[in-house]
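A.B. asks: Dropping the structure in here first, questions after.
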Ligand code: AMP
């Protein structure tokens with residue numbers, strides 16, 4: 001082993017995304033790995049820093065049964081491939097509630113608090129906790145750090161995070177939290193070297209991945225975001241509808257007789273681009289399709305983004321820059337073009353060539369506000385939080 005390493009873990013219901021970073025610094029992962037279909041026919045892949053596939057033996061029998069068995073097998077493989085001895089694990093945890101406004105080391109009290117937050121994020125939080133518990137039981141001495149998707153939004157003003165519901169409901173923690181915090185932190189960290197005016201001023205960041213949201217940054221801090229109490233709110237997403245009249249949800253219960261589980265499934269897995277197109281949640285498929293339903297899905301998707309950018313600009317008092325990031329934001333030039341053109345009223349003027357050839361700035365140099373494409377790096381933010389906590 002050539003040095004110490006940080007294991008960054010993003011655990012889903014049946015997947016673990018892992019990345020290994022050197023302990024002594026750097027934003028580039030030494031390698032990344034992904035275990036899919038945990039519990040049923042699991043498989044694993046790994047890539048080096050350049051994105052080239054690394055040789056890994058197939059998962060042995062039983063190793064894909066649970067998060068714990070998968071991690072028990074994976075960690076020694078990652079150490080051997082990277083040459084780094086893992087000394088700390090940083091976890092992406094979806095919900096920190098009111099309690100966690102920054103990353104924290106995990107101890108018994110933290111784990112209890114994370115469990116208390118499960119009702120706020122039933123779809124994600126239990127899997128994040130399962131990964132933390134797995135690391136704990138496998139390597140009890142390893143320092144673990146919980147990094148919250150919600151924490152970056154602790155700076156949102158009270159009036160922007162308060163939902164207009166009765167006090168007895170709000171008292172149960174029902175408010176806007178916001179998510180994608182590591183991604184916004186990464187962009188806020190990059191902005192000063194890219195555009196000092198925007199970094200000190202007002203920037204709207206569009207994180208457009210399978211999940212999607214906007215964040216209104218003022219001087220690098222979150223002041224507004226489109227996701228709400230859950231990651232269902234705001235933009236149209238791969239499988240989630242975003243902003244939807246609550247009356248439509250009542251209709252599902254009262255008139256269609258759907259159960260809470262059916263409604264949950266519809267809202268988390270069957271809506272958004274997938275539900276609109278009846279084809280796919282994958283933007284590449286929709287952009288390549290001639291199907292009218294796919295075309296409508298893309299139009300609804302773009303229209304919502306444009307509308308919400310306007311709302312965000314109003315909330316933060318104007319816009320000095322627009323930033324695109326995540327899978328669609330970084331790669332889907334036609335979507336960026338349509339969004340920038342929809343924001344012409346804000347002054348945005350697309351530079352078509354820069355947009356199509358992967359430029360950092362995709363708007364005309366003489367016009368403001370500029371729009372940038374900045375690749376996100378959520379794992380690097382978690383690795384940096386681990387280093388900070390170890391050195392504290
Ligand atoms: P993420 O969740 O950040 O990995 O983003 C996933 C989304 O990015 C999916 O909808 C993909 O279809 C989309 N995506 C990735 N690459 C491209 C591309 N070259 N063109 C259009 N969409 C893309």
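A.B. asks: So how tilted is helix 67-82 from the main axis of the chain? Cα-based, degrees 0 to 90, rounded to 10.
C.D. replies: 90
A.B. asks: Just to be sure I understand the model, the point goes 7 Å from the Cα along the line to the Cβ. What's the resulting residue 138 to residue 122 distance in nm?
C.D. replies: Distance between label points: 2.9 nm.
A.B. asks: I would also like to ask the following. Give me the number: length gained by fully extending residue 159 to residue 109, i.e. 0.36 nm times residue separation minus the C-alpha to C-alpha distance, one decimal in nm.
C.D. replies: Roughly 14.9 nm would be gained on extension.
A.B. asks: Continuing with this model, one more query. Listing 263, 135, 174 from the residue with the fewest other Cβ atoms within 10 Å to the one with the most, what is the order?
C.D. replies: The most exposed by this proxy come first: 263, 174, 135.
A.B. asks: Could you list 336, 161, 53, 303 in order of exposure, starting from the residue whose Cβ has the fewest other Cβ atoms within 10 Å?
C.D. replies: The fewest-first ordering by Cβ neighbours comes to 53, 303, 161, 336.
A.B. asks: A further question on this structure: Please work out the FRET efficiency for the pair residue 53 and residue 285, using the Cβ-Cβ distance as r and a Förster radius of 22 Å; give the result to the nearest 0.05.
C.D. replies: Rounded to the nearest 0.05, the efficiency is 0.40.
A.B. asks: For the chain, what is the mean residue ellipticity at 222 nm derived from helices alone (per DSSP H run of n ≥ 4: -39500 (n - 2.57); sum divided by total residues; nearest 500 deg cm²/dmol)?
C.D. replies: Result for the chain, helices only: -11500 deg cm²/dmol.
A.B. asks: Where a ≥ b ≥ c are the square roots of the eigenvalues of the C-alpha gyration tensor, would you call the chain rounded, which needs a/c under 1.5, or, failing that, prolate if a/b is larger than b/c, or oblate?
C.D. replies: In terms of gyration-tensor shape, rounded.
A.B. asks: Would you order 31, 390, 322 from fewest to most other beta-carbon atoms within 10 Å of each residue's own beta-carbon?
C.D. replies: By the 10 Å Cβ count, ascending: 390, 31, 322.
A.B. asks: DSSP beta bridges in the chain, what fraction antiparallel, as a percent rounded to 5?
C.D. replies: Within the chain, antiparallel bridges account for around 60 percent of the total.
No value in this document is a laboratory result; all are computed from the given coordinates. As the structure is a computational prediction, the values presented were derived from the model and not from experiment. Neighbour counts run over all protein chains shown; Cβ positions are idealised from the backbone, glycine included.
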